[in-house]
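Notes for the one structure printed next.
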Amino acid sequence: MHELPGTPWPDRIAWLIGSGFGCGLSPLAPGSVGSLGGAVILYILSFAVPTGWFVWQGSATAALLSALGLAIGIWATGRMSTPDNPDPGSATWDEYVGMWLTCLFVPFGSPVWLAGAFVVFRAFDVLKPWPCRRLERLPAGWGIMLDDVGAGLWGALVMVAGLFLWQFVEPVAPGFLVNLMAY
């Protein structure tokens, strides 16, 4: 059974945010549902971020979301954590932040790049490469959040490599593929 919010309002708000606005209640793969929630927010924001005023506006948006999300998430997931259950399965806000970090340099207005980032982040979140597993051992909200921050940073590196390789493939790629990958 999922953890129920405590009676004080701060606990209820923390639980609402920490559960990724309910994504953590998913009976199947709550981490993937939380990551999808983060991807959807980025995709919606891609329509609001003006293009052309500076090159890295998408990166600035993802960085700002990540920084604010991390600060809020440490508090919210920390309140969800108990000594008996230090990393509750319903805590999925960390997936939002990890997904946003993976998309730091990705044109997240492109569903193809966003889907690639989703797959890459989920793989790193499950595999937990160094130092993610070690970060997971930190207490309460710190451990819940920072292992996904690590997975998100690994994901960002892979996505930057993918963007770099795309620069060589794009000139010779068929038109439909270029249009599919466009942002």
Residues whose placed amide H lies under 5 Å from that of Gly20, excluding near-sequence neighbours: Thr92, Trp93
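Dividing the Cα radius of gyration by the Kirkwood radius, what Rg/Rh value follows for the chain?
Values: Rg = 17.0 Å, Rh = 16.7 Å.
Checking Rg against Rh, the ratio lands at 1.02.
Take Thr82, Thr77, Thr61 and order them by how many other Cβ atoms sit within 10 Å, fewest up front.
Details: Thr82 10, Thr77 31, Thr61 19.
Ranking Thr82, Thr77, Thr61 by Cβ neighbours within 10 Å, fewest first, gives Thr82, Thr61, Thr77.
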Cα→Cβ-extended label distance, 7 Å offset, between Ala63 and Asn179, nm: 3.5
Expected 222 nm ellipticity per residue - DSSP helices of 4 or more, -39500 (n - 2.57), all of the chain, to 500: -22000 deg cm²/dmol
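As a test of understanding, state the convex hull volume per residue of segment 88-183 from its alpha carbons, in Å³.
Details: hull volume 8.4 nm³, N = 96.
Here the figure is 88 Å³ per residue.
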In nm, spacing of pseudo-spin labels at Ala71 and Arg134 (7 Å Cα→C-beta vector): 2.7
Theoretical FRET efficiency, 1/(1+(r/R0)^6), r = Cβ-Cβ of Val119 and Gln167, R0 25 Å, to 0.05: 0.75
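Quote the relative contact order of segment 29-163 in percent (integer), defining contacts as alpha-carbon pairs under 8 Å separated by 6+ residues.
Working: 208 pairs, mean separation 42.7, N = 135.
RCO, segment 29-163: 32 percent.
Divide, for segment 23-123, the radius of gyration over alpha carbons by 2.2 N^0.38 Å, where N is the residue count. Write out the running numbers ahead of the final one.
Working: Rg = 14.2 Å, N = 101, 2.2 N^0.38 = 12.7 Å.
That ratio works out to 1.12.
FYI, it's all coordinate maths here, none of it is from the lab. Since we're looking at a predicted model, the values are computed, not measured. Ideal geometry is used to build each Cβ from the backbone, glycine not excepted, and the neighbour counts take in all protein chains shown.
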